[in-house]
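In what follows, a single structure is set out as structure tokens and then discussed.
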Protein chains: 2
Amino acid sequence: MPGRQLDLEILLQSRGMVSIDRERLVGIQEVGRLNGEKLHRLIKAGKVVILGRDEKKRIAVGKGMTTKVNVNLGTSSVMCNEAGELEKARIAEIHGADTISDCSMTGDIDSLRACLLHEISIPLTTIPVYQAVADAGSIEKVDDRCILRTIQKHVDDGVDSIVIHAGFDRQALEDLREQRRIMGIVSKGGSLSAAISLYQDAENPFIRLLDDILEILAGTGVVLNLGNAMRSGSIHDFKDAPQHNEIVSNAKIATRANAKGVPVIIEGLGGHVNAYHLKEWLEDHDRITGNRPLFVSGPIPTEIGVGHDHISAAIGGAMAAGYGADYLCAITPAEHLALPDKNHIKEGVIAAKIAAHVGDSIKHGINAFFEPDKILSKHRASRAWDKQFAQALDPEGARELHPPGNKDCSMCGKFCAIALMEKYLFSKKD
Amino acid sequence: MPGRQLDLEILLQSRGMVSIDRERLVGIQEVGRLNGEKLHRLIKAGKVVILGRDEKKRIAVGKGMTTKVNVNLGTSSVMCNEAGELEKARIAEIHGADTISDCSMTGDIDSLRACLLHEISIPLTTIPVYQAVADAGSIEKVDDRCILRTIQKHVDDGVDSIVIHAGFDRQALEDLREQRRIMGIVSKGGSLSAAISLYQDAENPFIRLLDDILEILAGTGVVLNLGNAMRSGSIHDFKDAPQHNEIVSNAKIATRANAKGVPVIIEGLGGHVNAYHLKEWLEDHDRITGNRPLFVSGPIPTEIGVGHDHISAAIGGAMAAGYGADYLCAITPAEHLALPDKNHIKEGVIAAKIAAHVGDSIKHGINAFFEPDKILSKHRASRAWDKQFAQALDPEGARELHPPGNKDCSMCGKFCAIALMEKYLFSKKD
């Protein structure tokens with residue numbers, strides 16, 4: 001498939017870029033900061049993967065890279081509006097999402113995916129078990145052929161990454177019955193995969209079919225995302241055996257996949273995780289998986305913010321990114337309550353972008369990627385509002401709160417601290 | 001003044017409370033977890049202060065206590081609507097603010113303060129230099145009598161705490177001229193105090209008048225809040241000499257004040273602080289001040305979230321609280337752009353409450369104060385929506401996104417992970 005192979009030469013054309021602008025926060029340009037050999041080594045060691053069918057929107061996910069942001073969208077069995085989902089994807093891309101995951105389960109899933117691949121240029125991920133269940137009509141009617149056919153179709157269509165939940169076996173499900181979790185399995189893909197396995201009274205199909213799946217992916221450049229089925233759904237559900245064993249299993253699968261040339265992202269420590277243990281558990285995860293690229297959904301460090309879970313997730317996500325996560329899933333204010341609308345998507349993306357950026361400052365320090373913060377501060381000091389907003393993640397949102405023409409901010413008016421000090425402190429300098 | 005004296009007996013009546021409910025997150029009831037002697041020791045050592053004219057809304061701020069949240073409001077020279085500010089105070093109280101700071105600079109400041117004291121029961125803080133400048137008409141007309149008269153009036157009116165900016169002297173201002181800060185002084189109270197000092201070509205009036213101020217406060221129970229005039233206004237402005245010296249000076253003033261029986265909260269490390277250094281600088285602050293109660297405004301760990309600074313501040317605030325801050329100032333989405341409206345106030349309070357709660361989990365672990373999170377999770381597991389929302393910081397906000405009558409969440413509909421696992425995994429248990 002032309003253009004799908006990893007082309008390091010293209011990636012590294014950006015090397016030597018010196019001007020810093022907002023694009024650097026979202027783009028692949030960061031590889032310009034690494035020499036080709038070092039990036040090669042990281043990719044070869046499975047610590048970095050490259051995602052993206054559009055070379056201008058390719059991203060590097062993993063150790064040493066900036067933290068990336070994914071946005072989930074797609075039709076649900078309650079709300080099905082393909083055009084609306086496409087619109088959400090556009091909004092996500094405009095506001096700086098690095099990737100989109102299409103989680104559709106109803107309507108014309110094939111056609112929506114085709115539209116997303118055509119009209120959106122950032123990488124697209126799918127969770128084939130969703131469509132396998134949707135196409136089969138029920139959990140009970142899903143069979144191996146249906147699963148493999150769906151994966152093959154998504155790969156042929158040109159998706160950039162697929163998610164499977166292969167990190168738990170039948171024994172893990174038995175163990176889960178014995179655990180005293182408040183919330184059992186809260187991963188949708190995980191619960192669909194578990195339900196198929198339990199209904200068939202057979203091993204998790206993604207374990208049984210793993211060789212076939214790797215066969216489909218090998219040589220395509222499509223990234224295999226190993227889902228986090230065993231994540232906790234409450235901050236009171238501490239890390240347990242099923243969760244630990246899934247990390248170990250996913251690490252082994254990653255080694256098998258990498259050996260066949262399939263790049264891997266591991267999803268882990270997502271869901272609801274208390275902030276007290278977050279650093280320790282993330283360090284454990286990185287150790288067990290050999291520092292493979294880590295995708296985290298949330299994590300949400302408190303339950304009582306429901307309705308504002310994008311804020312809870314921004315706190316958890318910033319800390320997770322600071323302690324080792326490479327890739328965050330945006331959480332919207334509608335999380336746990338409803339399918340998000342397009343405004344929720346915008347709020348969720350911006351919250352996650354803030355979290356990723358702060359996480360980067362924790363793990364990398366204040367480096368060249370914080371140049372937009374510096375430029376914004378300088379323009380703030382001179383009250384150059386438009387130039388400030390040009391550096392912001394959401395220039396329109398800032399402008400709505402401070403309409404053009406307003407010279408001062410109505411918070412302090414003539415008693416603006418900066419203006420006062422210009423008059424009384426710094427003017428005497430001249 | 002009856003009722004203004006610290007009455008430990010009243011405070012400790014709540015000792016022995018065993019039922020845990022949402023009130024415990026905002027109330028003084030936490031002292032029930034400490035025996036009287038231990039709390040006495042903490043208060044005597046200046047590590048905890050008690051705030052509040054209404055005994056039912058008294059709070060303990062400091063080491064070992066839950067993190068508290070303050071909300072700034074008040075008229076500005078651009079927008080003056082006393083009734084609107086009172087409405088904001090009501091909204092802040094309803095949504096769980098622990099204290100209000102009245103930052104009014106125009107209109108009928110005395111009457112607004114009287115209304116706030118009468119109609120709001122949570123503690124009220126003022127920054128007397130604001131009204132001193134407003135009453136005098138300009139920086140140039142402020143004199144010592146005007147400052148002392150304003151402080152006396154606020155204390156007589158019954159405010160619970162006042163802020164002064166006495167931690168910097170003329171030399172600090174000279175030093176500041178030499179610093180290469182992007183943003184000079186961004187504290188309004190700090191810049192007003194500095195402007196008075198510079199215009200008068202005299203020492204900072206709050207240093208000169210400190211003995212008189214302590215005289216006014218002694219025996220009243222009013223808490224002295226030592227402002228953070230030298231805080232940084234950009235994450236690129238790292239901790240410098242003026243900032244360090246202010247911490248040292250405020251620590252010395254706190255010792256003097258405590259010796260006269262005046263309880264002290266120190267404001268520090270607020271403003272804009274990069275997340276990389278946050279832990280180290282907070283630990284320094286606690287060491288220098290002898291673990292006195294620490295009030296932090298923000299801190300905001302990135303500039304590019306402008307328009308969404310409540311989210312940036314929630315990340316910085318949660319980390320700050322986790323590493324030692326005792327008391328956070330809510331930041332609204334309008335921060336740096338405009339005087340917040342009542343919706344912004346609500347969003348800011350909720351973001352700060354989430355941050356304080358997550359911060360508590362970092363510093364204290366998941367203890368009894370996280371019982372609401374557990375109850376919410378249990379009701380989430382059984383999809384008991386109303387009972388879930390009853391534990392939330394914003395039940396109305398959650399209900400708007402998930403209206404009564406909706407049994408399922410439209411995110412997953414019939415493919416709800418919890419429902420699937422009830423059917424396929426946990427039902428087999430029976």
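A few comments on the model shown:
- For residues of B:395-402, the mean tally of beta carbons on other chains within 10 Å: 5
- Diffusion of segment A:145-266 by Stokes-Einstein, at 10 °C in a medium of 1.306 mPa s and with Rh set to the Kirkwood radius over alpha-carbon pairs, works out to 107 µm²/s.
- All C-alpha pair distances within segment B:311-430, sorted into 10 Å bins from zero, spread as 12, 30, 31, 20, 6, 1 percent across the bins.
- Between helix A:309-322 and chain A: long-axis angle, C-alpha atoms, 0 to 90°, nearest 10: 90
- Residues whose placed amide H lies under 5 Å from that of residue B:68, excluding near-sequence neighbours: B:327, B:328
- When chain A is described by a simple charge dipole with +1 on each Lys and Arg Cβ and -1 on each Asp and Glu Cβ, the residue from A:195, A:136, A:325 located farthest towards its positive end is A:325.
- With Cα atoms, 0 to 90° folded angle of helix A:241-259 axis to chain A main axis: 90
- Pairs with C-alpha atoms separated by more than 30 Å, drawn from the list B:346/B:374; A:57/A:363; B:363/B:423; A:188/A:346; A:387/A:414; A:56/A:363, are B:363/B:423.
- Alpha-carbon centroids, segment A:334-403 and segment B:155-224: separation in whole Å: 33
- Three semi-axes of the equivalent ellipsoid, segment B:76-187, Cα gyration tensor, whole Å, largest first: 28, 17, 14
- Distances between placed amide hydrogens fall under 5 Å for residue B:332 paired with no residue 5 or more residues away or on another chain.
- What the phi angles of segment A:183-189 give under the Karplus curve with 6.51, -1.76 and 1.60, with θ = phi - 60°, is a coupling list of 10, x, 9, 10, 7, 5, x Hz, glycine and proline written as x.
- Long-range HN-HN contacts of residue A:101 with modeled amide H, under 5 Å: A:71, A:72, A:73, A:125
- Value of Rg/Rh across the protein assembly as shown [Cα atoms, Kirkwood radius]: 0.99
- Against the empirical 2.2 N^0.38 Å (N residues), segment A:67-364 has a Cα radius of gyration ratio of 0.92.
- Cα-centre dipole for the protein assembly as shown with unit charges at Cβ (Lys and Arg positive, Asp and Glu negative), debye to 20: 1320
- Crossing angle, helix A:278-289 versus chain A [Cα axis fit, 0-90 degrees, rounded to tens]: 50
- ³J(HN,Hα), Karplus 6.51/-1.76/1.60, whole Hz, each residue of segment A:62-72, x for Gly, Pro: x, 5, x, 8, 6, 6, 9, 10, 9, 10, 7
- Calculated label separations, residue A:156, copies of the chain, 7 Å along the beta-carbon direction, nm: 8.7
- The relative contact order of chain A, computed from alpha carbon pairs under 8 Å that lie at least 6 residues apart in sequence, is 15 percent.
- Our coupling estimate for segment A:124-141, obtained by passing each phi through the Karplus curve with A = 6.51, B = -1.76, C = 1.60 and θ = phi - 60°, is 10, 10, 10, 10, x, 4, 4, 6, 4, 5, 4, 5, 5, x, 6, 3, 5, 8 Hz, Gly and Pro reported as x.
- When exposed loop sites are taken as trypsin sites (Lys or Arg not before Pro) in a DSSP loop with at most 11 other Cβ atoms within 10 Å, the longest stretch of chain A clear of them is A:181-406.
- Net charge dipole, segment B:321-424: roughly 500 debye, given to the nearest 20, about the Cα centre with Cβ charges of +1 for Lys and Arg and -1 for Asp and Glu.
- For the pair residue A:396 and residue B:240, a Förster radius of 35 Å applied to the C-beta separation gives a FRET efficiency near 0.50, rounded to the nearest 0.05.
- Each Lys and Arg adds +1 at its Cβ and each Asp and Glu adds -1 at its Cβ; summed about the Cα centre, segment A:371-429 shows a dipole of about 500 debye.
- With the Kirkwood sum run over all distinct C-alpha pairs, segment B:120-163 has a hydrodynamic radius of 10.8 Å.
- Note on chain A: with a GNM built from Cα contacts shorter than 10 Å, the maximum mean-square fluctuation among A:69, A:358, A:78 falls on A:78.
- Antiparallel bridges, percent of DSSP beta bridges restricted to the protein assembly as shown (to nearest 5): 15
- Classified by the C-alpha gyration tensor, segment B:187-228 has an oblate form. Its axis ratio a/c, with a ≥ b ≥ c, is 1.5 or above, and a/b does not exceed b/c.
Each value in this text was obtained by applying a stated rule to the coordinates, not by laboratory testing. As the structure is a prediction and not an experimental result, all values here were calculated from the model. Glycine gets a Cβ as well: all are built from the backbone with ideal geometry, and neighbour counts include every protein chain shown.
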